[in-house]
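Asker: The structure under discussion is supplied below as structure tokens; questions concerning it will follow.
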Amino acid sequence: MTTDLDWRDSVVGMIPALRAFAWSLSHNGSDADDLVQETLIKAWSHRDRYQPGSNLRAWMFTILRNTYYTQLTRRRREVRDETGAYASTLRSPATQDWTVTVRSLQLALAQLPPEHREALVLVGAAGLSYEEAAEICGCALGTLKSRVNRARARLLKIMEAADADELMDFEATRSA
């Protein structure tokens, strides 16, 4: 096989055997046709990987077999639900609590002085070392450590106050 035309003719001649093999795997005519089509597409698009002189029939059947098992693995993870009955039973846990907590943290961070907020974010959120953060902030190592310490203490007080306010609001609405 020296040309694409010869290669193509050889592959086209294998289609009936490929279809029979695909049917033996899938036991469904439509699925077998789809499998053969996918095999032909893969073979054609990767024909440069075929080594002339090797067994083209074995190469094609290997592509078909691997394609079948790949599709089978994917299907195992899928749920047939044409009517949406299964989807209607699925529930997702509420995320409002997490959203409220993140929003509270953002508001608390906004109340910190900018240099304290910057130091805390660099060390706490970005995971930089104190030395790296001090270099970025352009201050001494001791100064940066002090800013982080003060920022943490202030943040804790702000968050505790916010939690106490929420608890009082909850108690007030419950007793009303």
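The values are calculated or read from the model by the stated rules, or taken from the named source; none is laboratory data. Remember, it's a predicted structure, so these values are computed and weren't measured experimentally. When we count neighbours, we look across all protein chains shown, and the Cβ atoms used for this are built from the backbone with ideal geometry, even at glycine.
Asker: Counting only residues that are under 21 Å from Ile158 (Cα atoms), give me the helices (runs of 4 or more DSSP H) lying completely in segment 78-141 with at least 1 of them. It would help to see each step written out before you state the result.
Answerer: Values: elements: 85-89, 96-110, 114-120, 130-137.
Where helices (runs of 4 or more DSSP H) fall fully within segment 78-141 and carry at least 1 residues being under 21 Å from Ile158 (Cα atoms), they are 96-110, 114-120.
Asker: Let me ask something additional. Among the candidates Leu18, Leu56, Leu25, single out the residue that is within 32 Å of the chain's Cα centre (by Cα) and of a type outside the set (Asp, Glu).
Answerer: None of the others qualify; the one that does is Leu25.
Asker: On to the next question. For segment 79-134: of the residues being surrounded by 15 or more Cβ atoms within 10 Å (Cβ to Cβ) and among the hydroxyl-bearing types (Ser, Thr, Tyr), which is nearest to Asn149 (Cα to Cα)?
Answerer: Per the stated criteria, the residue is Tyr130.
Asker: Still on this structure, please answer the following. Please go through segment 1-54 and pick out each residue that is free of Cβ contacts under 8 Å to residues at least 12 places away in the same chain and of a type in the set (Asp, Glu).
Answerer: Across segment 1-54, the qualifying residues are Asp6, Asp9, Asp31, Asp34, Asp48.
Asker: Now for a separate question. For segment 82-97, enumerate the residues that are of a type in the set (A, V, I, L, M) and within 23 Å of the chain's Cα centre (by Cα). Full working, then the answer.
Answerer: Of all residues in segment 82-97, those of a type in the set (A, V, I, L, M) come to 85, 87, 90, 94.
Across segment 82-97, the qualifying residues are Ala87, Leu90, Ala94.
Asker: Which residue, of Val79, Val36, is under 22 Å from Asp9 (Cβ atoms), β-branched (Val, Ile, Thr) and touching a helix residue (DSSP H, G or I) at 6+ places or on another chain (Cβ under 7 Å)?
Answerer: Val36
Asker: Considering each residue of segment 34-50, count those that are among the polar types (S, T, N, Q) and either modelled with pLDDT under 90 or more than 12 Å from Asn66 (Cα to Cα) (or both), and give that number.
Answerer: So the answer is 2.
Asker: If I filter segment 35-74 down to residues being of a type in the set (D, E, K, R) and within 27 Å of Thr3 (Cα to Cα), which single residue comes out as surrounded by the fewest Cβ atoms within 10 Å (Cβ to Cβ)?
Answerer: Among residues in segment 35-74 that are of a type in the set (D, E, K, R) and within 27 Å of Thr3 (Cα to Cα), the one surrounded by the fewest Cβ atoms within 10 Å (Cβ to Cβ) is Asp48.
Asker: Another one. Is there a residue being modelled with pLDDT of 90 or more, of a type in the set (D, E, K, R) and within 34 Å of the chain's Cα centre (by Cα) anywhere in segment 100-116?
Answerer: There is no residue in segment 100-116 that is modelled with pLDDT of 90 or more, of a type in the set (D, E, K, R) and within 34 Å of the chain's Cα centre (by Cα).
Asker: Residues of segment 1-33 being within 17 Å of Thr70 (Cα to Cα) and of a type in the set (Asp, Glu), which ones?
Answerer: Asp31, Asp33
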